[in-house]
Amino acid sequence: MIEVIYGSRDKINRADINKGLPNSLSWINSFNLSDNEINLLGKKLNIPVYLLKHSLDNNEITRIEKYKSYDLIILKIPINKKVKTLGIVKHRNYVLTVCSENTGMKLDKEDLSKDSDYLLKEILNNVIKSFSKRIEDLEDNVNHLEDITFNEKISNDPKEIFYLKKELMYIKKGLNADNAIISQLDNIDNIKIELNQLIDTENTLTFRMTEVMNMYMTFISNRLNEIMKSFTVIASLLLLPMLISGIYGMNIPIPMQNSNGAFYIILGIMLFLMVLTLLYFKFKKWA
């Protein structure tokens, strides 16, 4: 899809790329491009098709390339819990953004009322806002995980921890890649400051996620120890009765084998030893 947006008479207008670009500064927002749309953009804007395809490749590295009539900036942007490649072409008369998915950027008439440098700055602001919004959502998820980690009444799926940590890793990679490029641009000090703040916040979240994972593994280990402790107590309680029953199960002469009520006497001894063992464990606070 190709959207041509420009400001005129204090309002936002849209144009058809097939009919050419308007005379005023415009923002060309393109995403989910077909081959025909890529060729159309390349023809109308006189941009090589391979450069446009680079912007659609999510494995493309971030960089700045300067050409005779325009600059190409490759950045990363978070979209739908994934980090995508965003290509920006800054021309004197327009700014083109190319992405494999809709970035959801919102610009107003003031952004289109000045020059392409100002429009580029506002697009970069939108990129930073996208990272900021996603980091805020991730922070809420981390807070939730910290609250429920030791709550036995809530089923805490460890996959959620791994998924969040994986997404944080991609966010970190995207932020650092963008920082390397944005730091080379001029007159955008406020964007650089916000980007560095986001990098610090992401580092804090990554550390917290590591601690959440450590706490979760410690909690699981403690629960496993409690279960094994219970099994050990049960096995210890049965140890002496099993010893006695094993002795009296041998096919040899044994005491009380001809006595009336011998079975109940031996059973009572077993129960007495079990109670005695349990009291000993309680005294030692092992159970």
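The values are calculated or read from the model by the stated rules, or taken from the named source; none is laboratory data. Please read these numbers as outputs of a predicted model, since none were measured by experiment. Positions of Cβ are generated from backbone atoms using ideal geometry, with glycine treated the same way; all protein chains shown enter the neighbour counts.
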(message) So for region 257-275 (the condition being closer than 21 Å to residue 226 by Cα and surrounded by 12 or more Cβ atoms within 10 Å (Cβ to Cβ)), does at least one residue qualify?
(response) yes
(message) Can you pull out every residue in region 91-105 that is outside any loop (DSSP other than H, G, I, E, B) and closer than 16 Å to residue 38 by Cβ?
(response) 96, 97, 98, 99
(message) Among the residues of region 58-76, are any buried (at least 17 other Cβ atoms within 10 Å of the Cβ), farther than 19 Å from residue 184 by Cα, aliphatic (A, V, I, L, M) and in the same structural domain as residue 96 (by TED's automatic domain parsing)?
(response) no
(message) Yes or no: region 174-184 includes at least one residue that is under 13 Å from the mean Cα position of the chain (by Cα), more than 30 Å from residue 14 (Cβ to Cβ), assigned to a helix (DSSP H, G or I) and without any contact (Cβ under 8 Å) to a residue 24 or more places away in the chain.
(response) no
(message) As an exercise: evaluate residue 173 against (1) in contact with an Asp or Glu (Cβ under 7 Å, 6 or more places away or on another chain); (2) over 25 Å from residue 92 (Cα atoms) and give the number of the one condition it does not meet.
(response) (1)
(request) Can you tell me which residue among 21, 52 is crowded, with 22+ Cβ neighbours inside 10 Å, within 20 Å of residue 119 (Cβ to Cβ) and touching a helix residue (DSSP H, G or I) at 6+ places or on another chain (Cβ under 8 Å)? (result) 52
(message) Just checking, does region 221-233 include any residue being assigned to a loop (DSSP other than H, G, I, E, B) and not aliphatic (A, V, I, L, M)?
(response) no
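The rows are residues; the columns are (1) of a type in the set (Asp, Glu); (2) touching a helix residue (DSSP H, G or I) at 6+ places or on another chain (Cβ under 7 Å); (3) at positive phi.
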| site | (1), (2), (3) |
| --- | --- |
| 85 | no, yes, no |
| 92 | no, yes, no |
| 98 | no, yes, no |
| 101 | yes, no, no |
| 105 | no, yes, no |
| 110 | yes, no, no |
| 119 | no, yes, no |
| 126 | no, no, no |
| 133 | no, no, no |
(message) Looking at residue 112 and the list (1) more than 30 Å from residue 12 (Cβ to Cβ); (2) buried (at least 17 other Cβ atoms within 10 Å of the Cβ); (3) modelled with pLDDT under 90, which single condition is not satisfied?
(response) (1)
(message) Could you list, ordered by first residue, the pairs with Cβ atoms under 7 Å in which the first is in region 116-138 and charged (D, E, K, R) and the second is not in a helix (DSSP H, G or I), at least 6 apart or interchain?
(response) 121/188; 122/107; 134/78
(request) Kindly indicate whether residue 43 is out of contact with any strand residue (DSSP E or B) (no Cβ under 7 Å at 6 or more places or on another chain), surrounded by 13 or more Cβ atoms within 10 Å (Cβ to Cβ) and assigned to a helix (DSSP H, G or I). (result) no
(request) Kindly list, by first and then second residue, each pair from a residue in region 197-217 that is within 18 Å of residue 163 (Cβ to Cβ) to a residue that is of a type in the set (Asp, Glu) and part of a helix (DSSP H, G or I), limited to pairs with Cβ atoms under 9 Å and residues at least 6 apart or on different chains. (result) 205/139; 208/139; 208/146; 211/146; 212/146; 215/146
(message) Of the conditions (1) touching a helix residue (DSSP H, G or I) at 6+ places or on another chain (Cβ under 8 Å); (2) of a type in the set (Phe, Trp, Tyr); (3) over 19 Å from residue 72 (Cα atoms); (4) surrounded by fewer than 19 Cβ atoms within 10 Å (Cβ to Cβ), residue 170 satisfies every one except a single condition; which number is it?
(response) (1)
(request) Output the residue which, of all residues in region 56-85 that are of a type outside the set (Phe, Trp, Tyr) and under 18 Å from residue 26 (Cβ atoms), is nearest to the chain's Cα centre (by Cα). (result) 73
(request) Answer yes or no as to whether residue 84 is farther than 24 Å from residue 125 by Cβ and basic (Lys, Arg). (result) no
